[in-house]
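Note sheet for the following structure.
The values are calculated or read from the model by the stated rules, or taken from the named source; none is laboratory data. Please read all numbers here as calculations on a predicted model, not as lab measurements. Backbone-built Cβ (ideal geometry, glycine too); neighbour counts: all protein chains shown.
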Amino acid sequence: MNFYEKYILPPILNRACGLSLLKNHREDIVSRAKGAVLEIGIGSSLNRDFYKLDQITGITGIDPNESLLKIAQRSNPKKKSKITLIGGISEQLPFLDQQFDSAIVTFSLCTIPNPEKAIREIKRTLKSNGVLHFCEHGISDSPHLQKWQQLIEPIWKPLAGGCHLTRDIFDLIASNGFELFDHQTIHAEHVPKLVGHLYKGSARKLS
Ligand SMILES: C[S@@+](CC[C@H](N)C(=O)[O-])C[C@H]1O[C@@H](n2cnc3c(N)ncnc32)[C@H](O)[C@@H]1O
């Protein structure tokens, strides 16, 4: 982690990702989690308030950014007891096969360097009836906007901690061992168009 990623970016990400405009989307997805939950790229734990704690046995959150994990540790002591935070990358999860009932990923598949590998790792660690729930931004359905996303991505990526603007999230998930359901794309209101095309939904692990 360089100086920018360690000290400058974490509070910016915490603010930007914590925008109230995204709260209803987070709630819609995170409230679907059940049982033993794995949260990929948990960051500063902005999803913590949206878990339905009565349907969850525990939440294990993993993220490589220590500064974001520190913010997560400081926040919300009430829910703290159910959340275990671990430093690490999703491409190499330090968990046994078939350990979790649900996996949550929000606004991280854009940043994870090898999202295909990460999704295959999520699949490995989910039980056979396990479900991945996700809310991400990605490539727009407008050809005009797609051109802008492709143009701006090389400048945006280093400034936003490796975030890509042009990933097709449904394709990534469906091509790596999952079957999508209850899914939709939407344009998030009042969010800049380059990052406002959201991919939300759930996906069943295929055998
Ligand atoms: C935009 S932030 C989103 C954080 C959080 N999921 C949220 O919804 O607010 C992207 C996150 O992906 C994490 N990340 C980057 N590379 C990763 C990797 N290889 N494995 C897991 N998480 C990663 C970053 O550290 C950061 O916390």
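Annotation note: Cβ proximity below 7 Å between a residue of the range 17-35 that is farther than 12 Å from H190 by Cβ and a residue that is modelled with pLDDT of 95 or more and charged (D, E, K, R) (sequence gap 6+ or interchain) occurs for H25/K200; D28/K200; I29/K200; S31/K52; K34/D101; G35/D101.
Restricted to the range 39-57, and to residues that are surrounded by 19 or more Cβ atoms within 10 Å (Cβ to Cβ) and among the aliphatic types (A, V, I, L, M), which residue is nearest to the ligand (Cβ to nearest atom)?
Pass one, the range 39-57, residues surrounded by 19 or more Cβ atoms within 10 Å (Cβ to Cβ): 39-48, 50-51.
Now drop any that are not among the aliphatic types (A, V, I, L, M), which leaves 40, 42, 46.
Numbers: I40: 6, I42: 6, L46: 4 Å.
Across the range 39-57, the extreme among qualifying residues is L46.
The helices (runs of 4 or more DSSP H) found entirely in the range 94-207 that carry 2 or more residues being in contact with a strand residue (DSSP E or B) (Cβ under 7 Å, 6 or more places away or on another chain), more than 30 Å from Y7 (Cβ to Cβ) and within 16 Å of the ligand (Cβ to nearest atom) are 115-125. What number goes with the only condition from (1) at pLDDT 85 or above; (2) closer than 19 Å to Y199 by Cβ that A16 does not pass? Among (1) at pLDDT 85 or above; (2) closer than 19 Å to Y199 by Cβ, the lone unmet condition for A16 is (1).
Considering each residue of the range 125-140 in turn, at least one proves to be at pLDDT 95 or above, acidic (D, E), under 18 Å from C163 (Cβ atoms) and within 13 Å of the chain's Cα centre (by Cα). Residue count for the range 63-92 satisfying the condition of being in a loop (DSSP other than H, G, I, E, B), in contact with a strand residue (DSSP E or B) (Cβ under 7 Å, 6 or more places away or on another chain) and either modelled with pLDDT of 95 or more or near the ligand (Cβ under 7 Å from one of its atoms) (or both): 3.
Checked against (1) assigned to a loop (DSSP other than H, G, I, E, B); (2) more than 10 Å from the ligand (Cβ to nearest atom), A36 passes all but a single condition, namely (1).
Within 10 Å of the ligand (Cβ to nearest atom), of a type outside the set (S, T, N, Q), assigned to a loop (DSSP other than H, G, I, E, B) and crowded, with 20+ Cβ neighbours inside 10 Å - does that describe any residue in the range 5-13? Within the range 5-13 (the criterion being within 10 Å of the ligand (Cβ to nearest atom), of a type outside the set (S, T, N, Q), assigned to a loop (DSSP other than H, G, I, E, B) and crowded, with 20+ Cβ neighbours inside 10 Å), the answer is no, since none of the residues qualifies.
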